[in-house]
Amino acid sequence: MTQISYRSERPDDAPLVAALIDRAFGPGRYAKAADRLRESNTVMADLSFTAWEGETLVGSVRLWPVAVGGEPVAFLGPIAVEAEQRKHRIGQTLVEMACAAAAGAAWRAVLLVGDAPYFGRVGFDAAPAAGVRMPGPVDQRRVLLKALREGGADGLAGPVTSGG
Ligand SMILES: CC(C)(COP(=O)(O)OP(=O)(O)OC[C@H]1O[C@@H](n2cnc3c(N)ncnc32)[C@H](O)[C@@H]1OP(=O)(O)O)[C@@H](O)C(=O)NCCC(=O)NCCS
């Protein structure tokens with residue numbers, strides 16, 4: 001693998017990011033409960049990160065403002081890495097950069113819907129998210145939280161709503 005560089009998302013990146021997400025997830029992804037939280041929302045570009053091999057976008061992760069029971073929380077997703085570039089820790093690095101940026105911006109926790117075996121490696125856990133209610137059907141075991149400070153995920157419960 002050649003050198004990968006990382007930086008926060010810029011407005012010009014949006015079409016490339018959209019195309020990468022389409023390739024990674026395929027058609028039909030807009031039906032997911034997580035997409036309901038992104039539809040009428042604005043990505044936090046400064047907390048969203050891109051991975052580049054030269055001039056080519058090879059990875060993306062995005063953070064969005066949501067609230068859980070009225071408490072502001074950063075919502076992570078989608079995360080996508082170009083198929084040829086997987087298993088080189090690009091995904092993990094993107095998640096870690098987004099979480100560090102969110103912590104620096106004083107967000108208390110990051111929420112996502114995803115595979116616990118993958119996101120557990122970077123500190124996400126279903127247990128503190130047991131009372132978090134996504135806006136649509138979802139396997140609750142895939143609703144994961146990561147505290148960004150001591151106790152940051154404690155007491156988060158109730159409906160997830162779009163916006164901060
Ligand atoms: C998920 C994804 C972003 C991971 O990117 P990546 O750069 O390959 O991730 P990393 O290199 O940090 O981690 C790779 C490791 O995670 C494992 N892994 C990948 N997806 C996984 C999943 N859904 N569940 C459990 N483990 C997973 C890989 O097998 C690999 O294991 P290894 O280290 O033992 O070889 C990438 O596979 C992707 O874009 N997938 C399609 C989009 C997608 O499904 N995104 C959401 C995932 S919930």
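Quick notes on this one:
- Qualifying positions in the range 28-71 - under 12 Å from the mean Cα position of the chain (by Cα) and among the basic types (Lys, Arg): Arg38, Arg62
- For the range 114-126, the set of residues classified as part of a loop (DSSP other than H, G, I, E, B), surrounded by 15 or more Cβ atoms within 10 Å (Cβ to Cβ) and not aliphatic (A, V, I, L, M) consists of Gly114, Gly123, Phe124, listed by residue number.
- In the range 143-158, the residues that are under 14 Å from Gly70 (Cα atoms) form Cβ pairs under 9 Å with partners that are part of a loop (DSSP other than H, G, I, E, B) and among the hydrophobic types (A, V, I, L, M, F, W, C), at six or more places apart or across chains, as follows: Ala157/Ala130.
- Pairs where the first residue, in the range 4-25, is of a type in the set (D, E, K, R) and the second is within 10 Å of the ligand (Cβ to nearest atom) and not in a helix (DSSP H, G or I), C-beta under 8 Å, 6+ apart: Glu9/Ser60; Asp13/Ser60; Arg23/Ala80; Arg23/Glu82
- Residues considered: Leu94, Leu111, Leu76. Of these, the only one that is in contact with a strand residue (DSSP E or B) (Cβ under 6 Å, 6 or more places away or on another chain), surrounded by 15 or more Cβ atoms within 10 Å (Cβ to Cβ) and not in a strand (DSSP E or B) is Leu94.
- Annotation note: Cβ proximity below 8 Å between a residue of the range 76-99 that is free of Cβ contacts under 8 Å to residues at least 60 places away in the same chain and a residue that is in a loop (DSSP other than H, G, I, E, B) and more than 8 Å from the ligand (Cβ to nearest atom) (sequence gap 6+ or interchain) occurs for Ala98/Ser48; Cys99/Gly123; Cys99/Leu148.
- Within the range 114-164, being among the aromatic types (Phe, Trp, Tyr) and farther than 25 Å from Ala80 by Cα holds for no residue.
- The lone exception for Asn41 - which of (1) surrounded by 12 or more Cβ atoms within 10 Å (Cβ to Cβ); (2) touching an Asp or Glu at 6+ places or on another chain (Cβ under 6 Å) it fails: (2)
FYI, it's all coordinate maths here, none of it is from the lab. Computed from a predicted model, the values in this text were never measured in an experiment. Note that each Cβ is placed from the backbone with ideal geometry, even for glycine, and that neighbours are counted across all protein chains shown.
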